[in-house]
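The values are calculated or read from the model by the stated rules, or taken from the named source; none is laboratory data. What you see is a predicted model, and the numbers here were worked out from it, not measured in a lab. Cβ: placed from backbone, ideal geometry, glycine included. Neighbour counts: every protein chain shown. Side chains are part of the model used for accessible areas, which takes the heavy atoms of the whole protein and leaves out ligands, DNA and RNA. Shrake-Rupley method; radii C 1.70, N 1.55, O 1.52, S 1.80 Å.
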Amino acid sequence: MAYMINDECINCGACEPECDVNHAISEGDATYVIDPDKCTECIGNYESPRCAAVCPVDACVPDPKRKESKEQLLQKWYRLHPGAQPVAGTF
Ligand code: SF4
Ligand code: SF4
C-alpha cells in the first residue's frame, strides 16, 4: 500500500530527498505529503521504504485506505518509469 505522512510530522524535510526516484514526497501546507499515485512503497527502487527509515518521529506510515498488493505496486512503478527496469531484489 502507498505510504502517507501523518500529523506527527515536524517538517524536517529529511524524507523528501530519500524518495529520489519516484518523487512522491513534497512540502504541503501543514506537513510534508506523499502523492499516493507515485508511492510504490519503494518497490522497484529500494528494499524497504526509505522515507520511514529516516523520519525521526515515525510519521511515514502505510496508508490503510490505500491497500495495494506488491504486484499492483510494481505495475505502478512501471507506469511511473516507462521503458525502465526495476532494481533486482526490490520486488
Ligand atoms: S515509501 Fe518509498 S516511494 Fe513511497 S513515499 Fe516513501 S520513499 Fe517514496
Ligand atoms: S522525515 Fe518525517 S518529520 Fe521529517 S518531513 Fe518527513 S515525515 Fe515530516
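Overview of values
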{"quantity": "For the stretch 47-62, 3J(HN,Hα) per residue [Karplus equation, 6.51 cos²θ - 1.76 cosθ + 1.60, θ = phi - 60°, Hz, x = Gly/Pro]", "calculated": "6, 8, x, 6, 4, 5, 5, 9, 5, x, 10, 6, 8, 8, 9, x"}
{"quantity": "³J(HN,Hα) computed for each position of the stretch 81-91 - Karplus, 6.51 cos²θ - 1.76 cosθ + 1.60, integer Hz, glycine/proline x", "calculated": "10, x, x, 9, 10, x, 6, 4, x, 10, 8"}
{"quantity": "Stretch gain in nm, segment Ser26-Arg66, where the contour uses 0.36 nm per residue and the Cα spacing is subtracted", "calculated": "12.5 nm"}
{"quantity": "Helix-only [θ]222 nm of the chain, DSSP H runs n ≥ 4, -39500 (n - 2.57) each, per residue, nearest 500", "calculated": "-4500 deg cm²/dmol"}
{"quantity": "Candidates Asp29, Asp20, Asp37: whichever shows maximal mean-square fluctuation once the chain is modelled as a Gaussian network with Cα springs under 10 Å", "calculated": "Asp29"}
{"quantity": "Relative contact order, percent, the stretch 3-80 [alpha-carbon distance under 8 Å, six or more residues apart]", "calculated": "38"}
{"quantity": "Residue-normalised accessible area of the chain, given per residue in Å² at a 1.4 Å probe", "calculated": "60"}
{"quantity": "Tyr3 long-range amide H proximity, modeled H, under 5 Å", "calculated": "Glu41, Asp63"}
{"quantity": "Within a Gaussian network of the chain (alpha carbon springs, distance under 10 Å), most fluctuating of Pro56, Pro64, Pro36", "calculated": "Pro64"}
{"quantity": "Heavy-atom accessible surface of the stretch 3-80: percent carbon and sulfur, 1.4 Å", "calculated": "47"}
{"quantity": "Environment charge of Ser69, counting only residues whose C-beta is closer than 14 Å and scoring Lys/Arg +1, Asp/Glu -1", "calculated": "+1"}
{"quantity": "Net charge over other residues, Cβ less than 14 angstrom from the Cβ of Cys19 (K, R count +1; D, E count -1)", "calculated": "-4"}
{"quantity": "At 0.692 mPa s and 37 °C, Stokes diffusion of the chain via Kirkwood alpha-carbon radius, µm² per second", "calculated": "251"}
{"quantity": "Acute angle (nearest 10 degrees) that the helix 70-80 long axis makes with the longest principal axis of the chain, alpha-carbon atoms", "calculated": "90"}
{"quantity": "Accessible-area order (highest first, 1.4 angstrom probe) of the listed residues Ile5, Ile10", "calculated": "Ile10, Ile5"}
